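The values are calculated or read from the model by the stated rules, or taken from the named source; none is laboratory data. Quantities reported herein were computed from a predicted structural model and do not represent experimental measurements. Glycine gets a Cβ as well: all are built from the backbone with ideal geometry, and neighbour counts include every protein chain shown. Just the protein is used for accessible areas: all its heavy atoms, side chains included, with ligands, DNA and RNA removed. Shrake-Rupley method; radii C 1.70, N 1.55, O 1.52, S 1.80 Å.
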Amino acid sequence: MVIRRQIQVSGIVQGVGFRPFIYRLAREKRLGGWVRNDSFGVCIEVEGEEGAIGDFLKEMREGGPPLAQITSFKEHEVTPKSERKFVIERSLAYEERDILISPDVATCEDCLKELFDPKDRRHKYPFINCTNCGPRYTIIQDIPYDRPKTTMKKFTMCPECRQEYEDPANRRFHAQPNACWQCGPRLSLLDEKGSELESSDPIDDVAVLLKQGKIVAIKGLGGFHLAVDATSSEAVARLRKRKNREEKPLAVMSPHIKAIEDYALVNQREQTLFEGYQRPIVLLRKRPGNALSNLVSPRNDYFGAMLPYTPVHHLLLRGNFLALVMTSGNISEEPICIDNLEAARRLRGIADFFLVHDRDIFLRSDDSVMRIARGRPRQTRRSRGYIPTPIFLQEDQPEILALGAELKNTICLTKDDKAFLSQHIGDLKNLEALNFFQKTVEHLKRILQISPRALAADLHPLYLSSQYARSQKELPVTFVQHHHAHIASCLAENAATGPVIGLSFDGTGYGQDGTIWGGEFLIADFKEFTRVGHLAYLPMPGGDKVIEEPWRMALSYLYAAYGDGFDTKSIDFLRRIKPEHKTVVLQMIKAGINCPLTSSLGRLFDAVSAILGICGRATYEGQPAMELEGKVSERIEDYYDYEIRPEDGQLIVDPRKIIKGVIGDLMRGEEDSAIACKFHNSVVRFSLDVCLKLREAHGISEVALSGGCFQNNFLSAELSRSLKEKGFVVYEHSQVPPNDGGISLGQAVIAGSSVRTTRMGRRIK
Ligand code: ZN
Ligand code: ZN
Ligand code: FE
C-alpha cells in the first residue's frame with residue numbers, strides 16, 4: 001500500500017549534510033517526495049510502499065551524517081500525491097528561528113584520503129573540507145549560515161568546486177568553506193618580522209625549521225599556535241623563556257594514536273575521545289622513560305595531547321614528528337591571536353617564523369581540554385569542537401545572558417530548553433580579553449538570535465564581567481553568589497532541580513558577608529540557597545598574593561594551629577623562606593593587616609602543599625594542589641583528625657588538627673606520598689560527615705559536587721564513592737567544567753528561575 005508521511009526534524013540538521021543524506025536514502029528506497037530546510041530544521045515528505053518508508057525512517061534515525069544531532073522528530077500521515085521522484089527543494093523564505101550552528105569539525109576520513117592521494121585534484125591542499133568537516137563556528141559572521149556570511153566570502157569558487165557545491169548527491173553539497181588549489185585560501189611563510197618569504201612549499205619548509213629547533217607560529221582553526229619539536233629540550237626551553245611561561249604544562253600534538261602511545265598511557269575510552277570530531281586536548285598519564293622533553297610538563301604526571309584536526313596539521317606532522325608542542329599563540333594569559341598582522345605584532349620576539357593563510361578567523365576559539373575519569377569524559381576547558389552545541393535543559397528558560405566569572409570566563413545564553421555556553425574567553429584581567437568578551441557577547445546574541453530580557457552576573461562588585469552587566473542599563477541584572485552558581489551549573493547539566501546539598505569547593509569566590517568563600521556546604525536549588533556549613537575562616541596574609549605564594553597560607557595555618565608555639569626552624573620549608581619575610585607575614589596575621597578572611601578549600605590544599613615542600617611558589621593557577629594530588633601514589637586508609645562544630649546554625653569544619661597531624665607525620669619522617677594521601681582522605685571524611693549531619697537535619701539525600709577542587713581526580717572519586725556507599729545520590733560534572741568555566745551556566749539558570757517566578761507574580765527574596 002502506498003502511503004505518504006511528513007517528518008519534521010529539529011536539532012543540528014542544517015549545514016551538516018542532512019539533506020543530501022535524506023536525498024540519497026530516499027532514492028535508495030525508491031521513495032518520492034522532497035526534503036527542505038525550514039525554520040525548525042529540516043522538513044521531509046516521503047511517499048511509497050509502507051515497508052520502504054518504515055526502512056527509510058529506521059535508517060534515518062540510526063544513520064545520519066556524523067555532525068547531525070537530532071533533538072526531536074515528529075511525523076504524521078498526509079495524503080499521497082502520486083509523486084515518484086525525490087527532490088531537494090529550495091528552502092522556503094522563512095525566518096531563521098530555531099537553527100543550531102555546527103561547531104568546528106576535524107578533517108574527516110574521506111577528505112584525508114583525498115589529501116594524501118597524488119591523483120586527487122586536492123592532493124596536499126591544506127584547506128580541504130566537505131559537509132562533514134572543516135571550519136564552522138570560527139568563520140561564521142552572521143546567519144543564515146551561507147558562504148557570503150562567512151570569512152570564505154572573498155574566495156569565488158572555481159567551476160569544479162561550484163559544481164560539487166550545487167550537486168545534491170555530492171558530499172560537498174552546500175559545504176560553505178568548499179575550496180581547492182585553484183580557487184581557495186593559500187598558505188604563506190613569514191619571517192620573524194612578518195615579511196613574506198619565498199616558499200614553494202611552506203609546510204615542508206616549516207617542518208625543516210621545526211626540526212632545526214625553531215619556534216613557528218602556526219595559524220590554525222581558532223587561533224595561532226606556537227609550535228616547537230616536543231623532543232627537543234633546547235627548543236622547549238627557548239619557547240618557555242620567550243613566552244614567559246615557567247612550568248605550566250604545554251599541550252602536544254601527534255600524527256596518530258600510535259605516536260601518543262609512545263609517550264603516554266592511552267586506554268580505550270581515551271582513544272575514543274581523541275578520535276572524536278571535536279579533537280580536544282586529552283590529559284593522559286605519562287609513560288615512564290618517554291622520549292618527550294622533561295620541560296613539556298615538568299613536575300606533573302600528565303601530558304595534554306591531541307590529534308591533528310586541520311589538513312595543515314596532518315600535512316605537517318605525518319611522517320615528520322613524534323610530537324610537536326602546540327601551545328596557544330599568546331603572551332601568558334592574554335587571548336590567543338587570530339589575525340595575521342596582530343599575530344606578527346603580538347608574537348614578535350616569541351616566534352622565529354609564521355605559517356599563515358588568508359582565510360580569516362572571525363571568532364577565536366582555544367583548544368578544548370578534557371580527561372577521562374572513572375570511565376567518563378570530563379571537561380576542563382569546553383571550547384573548540386564543543387561550541388556552540390547547547391547543553392539541553394530540563395525546563396524551558398527565558399532568554400537570559402549570563403556573564404560568567406573573572407577567571408576562565410565563559411558567557412551563557414539561554415532560550416527554550418537550551419543553554420549555549422561560549423568558547424573559553426579566559427581571564428578578564430586585560431583589555432584584549434575584555435574586547436574579546438564583548439565581541440563574543442554581541443556575536444552570540446546575533447547568530448543565536450537571542451535578545452536577552454535579563455542579565456546574570458557574579459556578586460563580586462569588582463569583576464569586569466559584573467561591571468559590564470551593571471553598565472547595560474536597560475536590562476535587569478540578577479547578581480548570583482559564585483558558589484551557588486557552581487552548584488546550579490551542576491544541577492542543570494544533570495537535569496536535576498534540587499534542593500540538594502551542594503559542596504562548592506574552589507579557590508576564590510565573593511561571599512555574601514564580603515569574605516572570600518571556597519569551602520562551602522549549601523542547601524540549594526535554582527531559586528535560592530542557604531549556607532549551612534563551611535571551612536573555618538582564616539586570614540590570607542597579603543590577600544591575592546597568597547595564590548602565588550602558598551607558603552604565606554601555610555604560615556597562616558601554622559599560626560592558627562599552634563599560635564606562637566611553633567618553632568619555625570624545625571620545619572624544612574620555613575627554613576627556605578627569608579626570616580624577614582616570615583616576620584612580616586606573621587605580624588600581618590597577628591595584627592590582621594591586609595588579611596582578608598577566607599573559607600577556601602583551595603587555600604588549604606595550597607598550605608599543605610607548601611608545608612610538605614612540594615610547591616611553595618605557584619607559577620600557574622592550581623599548581624600546588626595539582627602537585628599535591630600527584631604525590632598520592634598508593635591508597636592508604638588512614639586520615640587526620642578534624643573538628644566539626646555548630647556555630648550560628650552552621651557547621652564549621654575546623655582543620656587545625658589536620659595541620660597538626662601533617663606536621664606530626666612530617667617530624668616523624670613519614671613519606672610525602674602517605675601524608676598527601678592521608679590529607680586527601682581527611683577532606684573526604686569531613687565532607688562526608690557534614691553531608692551525613694545535613695541529611696539528618698534537613699532530610700536531603702542528593703549531593704552536587706562542583707568547583708575547581710573537583711578537577712582533583714582522587715578527591716572526586718573518593719568522595720563520590722563514599723557518599724554513594726552511604727546512600728546519597730551524587731551529581732557531578734561531565735558536560736561543563738567544574739571550574740569557573742561552568743559558572744555562566746549556573747548564573748543563567750538561577751536568573752531564569754527568578755525571572756520566571758516574577759512573571760508568575762510570586763514574590764522573590
Ligand atoms: Zn571532509
Ligand atoms: Zn576550486
Ligand atoms: Fe569558582
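May I ask for the net charge around L239, where only other residues with Cβ less than 11 Å from the Cβ of L239 are counted and Lys, Arg are +1 while Asp, Glu are -1?
Taking every Cβ under 11 Å from that of L239, the sum is +4.
Sequence gap at least 6, Cα distance under 8 Å: using those rules, report the relative contact order of the stretch 2-88 to the nearest whole percent.
Averaging sequence separation for qualifying contacts and normalising by length gives 49 percent for the stretch 2-88.
Which order, highest average first, do 480-493, 187-200, 727-740 follow once you tally other Cβ atoms within 10 Å for each residue and take the mean per peptide?
So the peptides 480-493, 187-200, 727-740, ranked by packing, come out 480-493, 727-740, 187-200.
Accessible area per residue for the chain in Å², computed with a 1.4 Å probe and the full protein assembly in place, what is it?
On a per-residue basis, the chain sits at 40 Å².
Given 20 °C and 1.002 mPa s, how large is the Stokes-Einstein diffusion coefficient of the stretch 135-236 in µm²/s, with Rh as the Kirkwood radius over Cα pairs?
133
Calculate what fraction, in whole %, of the accessible area of the chain sits on carbon and sulfur atoms when a 1.4 Å probe is rolled over the protein chains.
The nonpolar share, carbon plus sulfur, comes to 48 percent.
With labels modelled as points extended 7 Å from the Cα through the Cβ direction, what inter-label distance (nm, one decimal) is found for E580 paired with H256?
6.1
Using a Förster distance of 60 Å, how high is the FRET efficiency between E637 and N294, based on the Cβ-Cβ distance and rounded to 0.05?
Working from the Cβ atoms, E equals 0.95.
Below 19 Å, Cα to Cα, which aspartates and glutamates can K193 reach? Residues fewer than 8 away in the same chain don't count.
D205, D339, E342, D352, D358
Step through the residues of the stretch 133-146 one at a time and calculate ³J(HN,Hα) from phi using the Karplus curve (6.51 cos²θ - 1.76 cosθ + 1.60, θ = phi - 60°), rounding each to whole Hz and writing x for Gly and Pro.
7, x, x, 9, 3, 6, 10, 7, 9, 7, 10, x, 5, 8
What is the distance in Å between the Cα centroid of the stretch 141-204 and that of the stretch 1-41?
Their Cα centres are 29 Å away from one another.
If I ignore ligands, DNA and RNA and count only protein heavy atoms, how much of D672 is accessible to a 1.4 Å probe, in Å² to the nearest 10?
50
With θ set to phi - 60°, apply the Karplus curve 6.51 cos²θ - 1.76 cosθ + 1.60 along the stretch 592-602 and write out the HN-Hα couplings as whole Hz, x wherever there is a Gly or Pro.
Working through the residues one at a time gives x, 8, 6, 10, x, 8, 9, 10, 6, 6, x Hz.
For helix 202-211, report the angle its Cα long axis makes with the longest principal axis of the Cα atoms of the chain; keep it between 0 and 90° and round to the nearest 10°.
That works out to roughly 30 degrees.
One-quarter of the Cα convex hull surface for the chain, in nm²?
Result: 35.6 nm².
I need the Debye-formula profile for the stretch 371-469: one equal scatterer per C-alpha, no solvent, reported as log10 I(q)/I(0) at q = 0.10, 0.17 1/Å, two decimals.
-0.28, -0.78
Sort R685, R36, R240 from largest to smallest accessible area, using a 1.4 Å probe on the heavy atoms of the protein chains.
R685, R36, R240
Say R0 is 51 Å: what FRET efficiency, to the nearest 0.05, do F392 and S195 get from their beta-carbon distance?
0.55
Starting from the Cα of K85, draw a straight line to each of the lysines and keep only those under 30 Å, dropping any in the same chain fewer than 8 residues away.
The qualifying lysines are K29, K58, K74.
Past the 27 Å Cα-Cα mark, which pairs from K214/K408; K473/K527; K124/K258; K657/K693?
Where the Cα-Cα span goes over 27 Å, the pairs concerned are K214/K408.
Roughly speaking, what is the centre-to-centre gap between the stretch 275-310 and the stretch 548-605 when only Cα atoms are used, to the nearest Å?
36
Keeping all protein chains in place and using 1.4 angstrom, which order do D360, D104 fall into by accessible surface area, from largest down?
Largest accessible area first, the residues go D360, D104.
I'd like the Kirkwood hydrodynamic radius of the stretch 423-506, using the inverse of the mean 1/r over distinct C-alpha pairs, in Å.
Its Kirkwood hydrodynamic radius stands at 14.6 Å.
Set Lys and Arg Cβ to +1 and Asp and Glu Cβ to -1, take the dipole of the stretch 535-686 about its Cα centre, and tell me which of I611, A625, I589 lies farthest positive.
I589
Once Lys and Arg get +1 and Asp and Glu get -1 on their Cβ, which of L322, F437, L393 lies farthest toward the positive end of the dipole of the stretch 320-446?
L322
Which whole-percent values make up P(r) of the stretch 535-686 when all C-alpha to C-alpha distances are grouped in 5 Å steps starting at zero?
2, 10, 20, 24, 22, 15, 6, 2, 0
Per residue of the stretch 634-639, in order, report the coupling 6.51 cos²θ - 1.76 cosθ + 1.60 (Karplus, θ = phi - 60°) as ³J(HN,Hα) in whole Hz, putting x for Gly and Pro.
9, 7, 10, 8, 4, 8
Can you find, among P377, I12, L692, the residue sitting farthest towards the positive end of the charge dipole of the chain, where Lys and Arg contribute +1 and Asp and Glu -1 at Cβ?
In the chain, that residue is I12.
Rounded to the nearest 20 Debye, what is the dipole magnitude of the chain about its Cα centre when Lys and Arg each give +1 and Asp and Glu each give -1 at the C-beta?
The calculated dipole for the chain is roughly 620 debye.
Taking every pair of alpha-carbon atoms in the stretch 2-88, what share in percent sits in each 10 Å bin, from 0 to the bin with the longest distance?
Percent of pairs per bin, in order: 19, 58, 23, 1.
Per residue, what volume in Å³ does the Cα convex hull of the stretch 282-426 take up?
Cα-based convex hull of the stretch 282-426, divided per residue, equals 172 Å³.
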